[in-house]
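Asks: Handing you this structure, nothing more for now.
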Amino acid sequence: MRRELLRGEQVIVITRQQPRALFGPVLAFILVPAAAAFACAWIIKGGPGKLVPAITSDWTQWLVAASLAIAAIVLLGYSLPRFIRWRGVRYILTSARIVARFGMLRRGDWQVPLAAVRGVGITQSLLQRILRSGNISLDTGHPGEAVLRDVPEVGKFRSFILDAMAELPTNAGFGPGAVPEHSDFDGFGEYPDAALPWDMREGGRDER
């Protein structure tokens with residue numbers, strides 16, 4: 001069943017986690033095929049036989065297959081799962097709430113109404129400060145905190161949250177509901193500043 005925004009609710013920001021988690025998988029995606037190609041060329045030229053005379057040309061096809069299999073295992077077992085995990089996390093700020101979605105095959109999400117948020121905090125490690133990312137914690141007055149981890153341009157994202165909270169009507173009250181599925185958020189106009197790592201939708205109230 002298609003999910004819809006609440007009446008009067010508008011999408012402000014959609015972003016994913018800072019892509020530093022992809023450094024290792026991308027590096028492996030580049031180096032592993034190159035190493036496999038080098039190994040295959042070395043095997044075909046008879047390199048193993050020069051090191052170990054007992055290895056004859058009959059072993060060539062098996063050694064090449066083993067090299068390709070190892071490369072495939074590394075890419076499918078290391079790079080691909082981490083990319084899927086990163087791709088499956090999205091943080092959505094609307095004029096009524098904050099939603100965190102997780103997973104592509106098995107989905108989960110949680111959401112916090114902006115009217116329930118009492119404070120918005122930021123924590124950063126040294127690496128996150130260098131990359132201008134960070135974790136945003138939402139204080140709702142209940143035990144525990146909702147945390148958006150590794151948000152890119154974390155200072156700007158928090159300012160968007162605070163702006164949206166400031167623009168809530170004094171009698172703000174949004175009933176239970178959900179945000180759109182993935183396709184509902186696609187196709188929105190991009191923020192004029194292409195450097196920002198998220199998509200924007202102008203809601204008619206202002207133009208950020």
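Please treat every number below as a calculation from the coordinates, not as lab data. Just so it is clear, the structure is predicted and the values come from calculations on it, not from any experiment. Every residue, glycine as well, gets a Cβ built from its backbone with ideal geometry; the counts of neighbours run over all protein chains shown.
Asks: Considering the convex hull of the alpha carbon atoms of region 22-85, report its projected area averaged over all viewing directions, in nm², one decimal.
Replies: On the way: hull surface 17.4 nm².
If I average the Cα hull's projected area over directions, I get 4.3 nm².
Asks: While we're here: Ranking request for peptides 134-141, 12-19: highest mean number of other beta-carbon atoms within 10 Å first, then the rest in descending order.
Replies: Numbers: 134-141: 16.9, 12-19: 20.5.
Order by mean packing, descending: 12-19, 134-141.
Asks: Now for a different question. Once phi is turned into ³J(HN,Hα) by the Karplus curve 6.51 cos²θ - 1.76 cosθ + 1.60 with θ = phi - 60°, what whole-Hz value does each residue of region 27-32 show in order, with x for glycine and proline?
Replies: 4, 5, 5, 7, 7, 5
Asks: How far apart, in nm, are the 7 Å Cα→Cβ label points at residue 78 and residue 110?
Replies: Those two pseudo-labels are separated by 3.2 nm.
Asks: Hey, could you get me the Stokes-Einstein D for region 84-170, Kirkwood radius over alpha-carbon pairs, 25 °C and 0.890 mPa s, rounded to whole µm² s⁻¹?
Replies: On the way: Rh = 13.6 Å.
Answer, rounded: 181 µm²/s.
Asks: Once phi is turned into ³J(HN,Hα) by the Karplus curve 6.51 cos²θ - 1.76 cosθ + 1.60 with θ = phi - 60°, what whole-Hz value does each residue of region 64-73 show in order, with x for glycine and proline?
Replies: 5, 4, 5, 5, 5, 5, 4, 4, 5, 4
Asks: Less than 13 Å Cβ to Cβ from residue 108, Lys/Arg counted +1 and Asp/Glu -1: what total charge do the surrounding residues give? Intermediate results must be reported in sequence, preceding the final value.
Replies: On the way: positive: 85, 90, 101, 106, 107; negative: 109.
So the environment of residue 108 carries a net charge of +4.
Asks: Strictly greater than 20 Å: what percent of every Cα pair in region 73-135 meets that?
Replies: Details: 985 of 1953 pairs.
Of all Cα-Cα pairs in region 73-135, 50 percent lie more than 20 Å apart.
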